[in-house]
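Every read-out reported here was derived from the displayed coordinates using simple, explicitly stated rules and does not represent laboratory data. Being a predicted model, the structure only gives us computed values, none of them experimental. Cβ atoms come from the backbone with ideal geometry, glycine included; neighbour counts cover every protein chain shown.
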Amino acid sequence: MSDDLSLTRTAEPIAPDPVALFVVNLRGLKRNERALLARCLGRPLGRALEGGVDPQSLRVFFALLPRWYDPTRLRQILLAPARQQPTYFLVATLYASVPEGGQGSFGASLRRAVHAQPRLQASVDAALTALVRASAYELPLHLSRIARRTNKTLRLDYEQLLTDLLAWDNGRHVARRWSRDYYANSE
């Protein structure tokens, strides 16, 4: 009889995946919004909030953050906590500057970009070494340098990139995987 009661309970609503929702929002950017965000590439969100960028670019960014309407609370909930917003900002600025279309980790995407432009290998090797040693705070600088060097051939998987960057400081497993994916099968 208790089994029958459990079937009649209403399930709690499940919030959507914030990473996937954010990438969907990025795909909806207009050309002028992308241009505003592209100008912020390499700048940390903290510096941008202190007046280091056009305020309109901040409006565009904060509108992109994933939200979900919770019917049990009858209100909208921001799915990206404040501590994660600098990472979301970094990914938004990269999205505005580097085309989507990669597959796998940043390291794998970077390997494909260097394969298409072999003359960049030495500089990208050095940049990747600096990147994988970087703290989360230093990521905008290092990722923007790599993006600018490989902008003709680099394509990124933004869901994977955001997922990886959100886990950046949880051990060094993301950095090690990026290195492994870059150097594995390199020619």
Scope segment 113-128; condition closer than 26 Å to residue 84 by Cβ and either surrounded by fewer than 20 Cβ atoms within 10 Å (Cβ to Cβ) or free of Cβ contacts under 8 Å to residues at least 40 places away in the same chain (or both); matching residues: 127
Selection from segment 166-187 of residues in a helix (DSSP H, G or I) and among the charged types (D, E, K, R) yields 176, 177, 180, 181
Please find, within segment 10-64, the residue that is surrounded by the fewest Cβ atoms within 10 Å (Cβ to Cβ) out of those that are of a type in the set (S, T, N, Q) and farther than 21 Å from residue 147 by Cβ. 10
Within segment 129-165, of all residues that are part of a helix (DSSP H, G or I) and of a type in the set (S, T, N, Q), the one surrounded by the fewest Cβ atoms within 10 Å (Cβ to Cβ) is 129
Pairs where the first residue, in segment 76-102, is aromatic (Phe, Trp, Tyr) and the second is not in a helix (DSSP H, G or I), C-beta under 7 Å, 6+ apart: 88/65; 88/80
